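Asker: Supplied in structure tokens, the structure appears directly below.
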Amino acid sequence: MSTIDLSRPPAAQGFRMPAEWEPHRATWLSWPHKEASWPGILDHIPPIFVRMVEELVRGEEVHINVLDTEMEREVRARLQHAGVPEARVHLHCIPNNDAWIRDHGPAFLVREIDGRREQVIVDWGYNAWGGKYPPFDLDDRVPTLIGEKFNIPVFHPGIVMEGGSIDVNGQGTLLTSEACLLNENRNPHLSREQIELYLRDYYGVRHILWLGDGIAGDDTDGHIDDITRFIGPNTVVTVIEDRASDENFEPLRENLMRLQKMSDEEGRGLRIYQLPMPNPVEFEGQRLPASYANFYIGNEVVLMPAYGCRADETAQSILQVLFPGRRVAAIDCRELVWGLGAFHCLTQQWPL
């Protein structure tokens, strides 16, 4: 019988974070309820969540955090009205401050031992992207509460880290950005080398790739899931802005040039595919972080944000070629992104 020592980093015990495309047991969501995240249009957001659940349950369970029994009844009624199979959806009264579970939710790690797979959760510290949107105390507790509910051991590294700030290939390589992880509003007491040690110890990686700046309008200070994503062990997609006058043009070109010089954990150069950027999306004069890179890879579907422009079709076609075994569902996110995020920000995979 194996034992898990919570006093030692999970990587030292053989744990790793699987890639997003590896088989899921489920996808986790936190149901939207914070008016300040979608001021004036919060009532437009639950129907988008229903659409997400409809797409996901065709290939996996969906687990949803709700505030209380009243919200649980509301969510069940919405899903029943849409004809979503009840057996595939599980609601949990786990209080939270906001819907962005990619950043406040559990990071699941796995290992194979004695012919079976074991799981642990990493509960990073969470401070709402550098203390921008208090309160965030309920969000900060979500991973541990999920661990307690499902009897999954929980590690607490003791530093701030958001799920959208990293991406892994499941083989030992991690992508991140300097703009976010080196920002003084996260872990000002840590050097780059010290942060890398935490990444290795608590994600089970050994090779770390650093990009530069994020996209315009991104209040997370440059999350990688709006820029570049792994879609295979040696393959990434990265967004490119073709309009030289756009403020994203130079930072995204710089990131592409960095990628072209990078390699994976085996020393192989990366295979790089480019995604366009949509036309700029603004709301009340504010530039929003609209990006096709903020897709989510489910067991049978890729949830792709769409923005009502010609580039939607191009991005969907590219992703459909890159994910031949999954359907790419393009869903209008022009209102969703008013909350400053899209599908990847709102989901967290629970691996098998």
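Asker: Could you give me the residue pairs with C-beta distances under 8 Å whose first residue belongs to the range 103-117 and is over 30 Å from GLY341 (Cα atoms) and in contact (Cβ under 8 Å) with a residue 24 or more places away in the chain, whose second residue is assigned to a strand (DSSP E or B) and of a type in the set (Phe, Trp, Tyr) wherever it lies, and which are 6+ apart or on separate chains?
Answerer: Close Cβ pairs (under 8 Å, with a partner that is assigned to a strand (DSSP E or B) and of a type in the set (Phe, Trp, Tyr)) do not exist here.
Asker: Could you figure out which of (1) within 25 Å of SER30 (Cα to Cα); (2) in contact with a helix residue (DSSP H, G or I) (Cβ under 8 Å, 6 or more places away or on another chain); (3) assigned to a loop (DSSP other than H, G, I, E, B) isn't true of GLY158?
Answerer: Going through the list (1) within 25 Å of SER30 (Cα to Cα); (2) in contact with a helix residue (DSSP H, G or I) (Cβ under 8 Å, 6 or more places away or on another chain); (3) assigned to a loop (DSSP other than H, G, I, E, B), GLY158 breaks only (2).
Asker: Now a separate question. Can you tell me how many residues in the range 1-49 are assigned to a strand (DSSP E or B) and farther than 16 Å from ILE121 by Cβ? Please lay out each step first, then the result.
Answerer: Pass one, the range 1-49, residues assigned to a strand (DSSP E or B): 16, 24-30.
This time we only want the ones that are farther than 16 Å from ILE121 by Cβ, so: 29.
Residues flagged as assigned to a strand (DSSP E or B) and farther than 16 Å from ILE121 by Cβ within the range 1-49 amount to 1.
Asker: I've got another one for you. For the range 161-175, give me the residue count where each residue is in contact with a helix residue (DSSP H, G or I) (Cβ under 9 Å, 6 or more places away or on another chain) and hydroxyl-bearing (Ser, Thr, Tyr). Break it down into steps so the answer makes sense when it comes.
Answerer: Step one: filter the range 161-175 for residues in contact with a helix residue (DSSP H, G or I) (Cβ under 9 Å, 6 or more places away or on another chain), giving 161-168, 174-175.
Among the residues that remain, those that are also hydroxyl-bearing (Ser, Thr, Tyr) are: 165.
Here the count works out to 1.
Asker: Could you tell me whether any residue of the range 221-239 is of a type in the set (Ser, Thr, Tyr), in a loop (DSSP other than H, G, I, E, B), closer than 27 Å to SER37 by Cβ and modelled with pLDDT of 95 or more? Break it down into steps so the answer makes sense when it comes.
Answerer: Initially, the range 221-239 is screened for residues of a type in the set (Ser, Thr, Tyr), giving 228, 235, 238.
Now narrow it down to the ones that are in a loop (DSSP other than H, G, I, E, B): none.
No, the range 221-239 contains no residue that is of a type in the set (Ser, Thr, Tyr), in a loop (DSSP other than H, G, I, E, B), closer than 27 Å to SER37 by Cβ and modelled with pLDDT of 95 or more.
Asker: Now, a different point. Picking from GLN320, GLN316, GLN274, which residue would you name as being touching a strand residue (DSSP E or B) at 6+ places or on another chain (Cβ under 7 Å), modelled with pLDDT of 95 or more, assigned to a strand (DSSP E or B) and of a type in the set (S, T, N, Q)? Let's see the steps before the verdict.
Answerer: Numbers: GLN320 fails: assigned to a strand (DSSP E or B); GLN316 fails: assigned to a strand (DSSP E or B).
Exactly one of GLN320, GLN316, GLN274 is touching a strand residue (DSSP E or B) at 6+ places or on another chain (Cβ under 7 Å), modelled with pLDDT of 95 or more, assigned to a strand (DSSP E or B) and of a type in the set (S, T, N, Q), namely GLN274.
Asker: In the set GLU74, GLU22, which member is touching a Gly at 6+ places or on another chain (Cβ under 7 Å), surrounded by fewer than 19 Cβ atoms within 10 Å (Cβ to Cβ) and not aliphatic (A, V, I, L, M)?
Answerer: Numbers: GLU74 fails: touching a Gly at 6+ places or on another chain (Cβ under 7 Å).
None of the other options fit; the residue is GLU22.
Asker: Return the pair list, or none, for Cβ contacts closer than 7 Å from residues in the range 25-36 that are within 17 Å of GLY298 (Cα to Cα) to residues that are assigned to a helix (DSSP H, G or I) and modelled with pLDDT of 95 or more, at least 6 apart or on different chains.
Answerer: Final answer for the pair search is THR27/LEU56; TRP28/ILE101; LEU29/PHE49; LEU29/ILE101; SER30/ILE101.
Asker: Which of (1) among the hydrophobic types (A, V, I, L, M, F, W, C); (2) surrounded by fewer than 22 Cβ atoms within 10 Å (Cβ to Cβ); (3) touching a helix residue (DSSP H, G or I) at 6+ places or on another chain (Cβ under 6 Å) is the odd one out, the single condition ILE113 does not satisfy?
Answerer: Exception for ILE113: condition (3).
Asker: Considering each residue of the range 7-36, count those that are farther than 23 Å from ASP264 by Cα and either modelled with pLDDT under 95 or hydrophobic (A, V, I, L, M, F, W, C) (or both), and give that number.
Answerer: 5
The values are calculated or read from the model by the stated rules, or taken from the named source; none is laboratory data. Every value quoted in this text rests on a predicted model; they were computed, and no experiment measured them. Backbone-built Cβ (ideal geometry, glycine too); neighbour counts: all protein chains shown.
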